[in-house]
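What follows is a single structure, written as structure tokens, with notes after it.
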Amino acid sequence: MASIELSANELSANAGADAASTHAPQSTAPDRLLREMPIGKIAIWWFLASEIMIFGGLIACYVLMRIAHGGWEAEAAHVKWQLGAINTLVLVTSSLTMILAHYSVERDDRGAVSRYLGLTVILGLVFLGIKTFEYRADFAEGFTPLSGMFWSFYYMMTGLHAIHVTAGIVINAVLFAMARRGTLWPRVQQRVEFAGLYWHFVDVVWIFLFPLLYLS
């Protein structure tokens, strides 16, 4: 009799456990992915999302204002598309060196990481140098932010982009120094990926700005 009661109790306990496990919240793949993702990567994606809103808003305003005011073809004809094309090539190449830096991190090749980060910094400085020369030429010809709506948008969008390029150069320069020192190498490995996400975002923004401001 006691054995029958014991078996009944065990069955009841097992049934309760099964019911509890059935009603317990199940962990989905996205939930596990978020828990396993580094906090730094989540932060950089949130930051890039906010930056997309800023540049997206500016680009949308530029397109709508240009349509509403007849196209601004006369003003746009004075931009130096050749310099813009060179800078596009420079930025695309810098994205390649950033990819190679991240690939070298995965191979644990500290020398290659520092080399490709250094090349990325140099290419970023080349971009800023060409942009500075272009600004000086535009000012010398009398085209300032007050010369018209087109030039206001031109300087606002390219200037904001140049600020982001400068920030990326500083970040990559710091990672370059850390990789060269070696003692901070474990910290560099993950942060190169975060810096790469930011740098590719800067590159993509320019891919949109170049045809809108220089070719349309």
Problem set entry | Environment charge at LEU96 (Cβ cut-off 15 Å; Lys +1, Arg +1, Asp -1, Glu -1) | 0
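Are there trypsin sites (Lys or Arg not before Pro) in region 37-144 that DSSP marks as loop and that have at most 10 other Cβ atoms within 10 Å, and which are they?
ARG107
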Exercise. How much FRET efficiency would the formula 1/(1 + (r/R0)^6) give for LYS41 and VAL170, where r is the Cβ-Cβ distance and R0 is 22 Å, rounded to 0.05?
Worked result: 0.65
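Since every read-out is calculated from the coordinates, none of them should be taken as a lab result. Only a predicted model underlies this, so the values are computations on that prediction, with no experimental measurement involved. Positions of Cβ are generated from backbone atoms using ideal geometry, with glycine treated the same way; all protein chains shown enter the neighbour counts.
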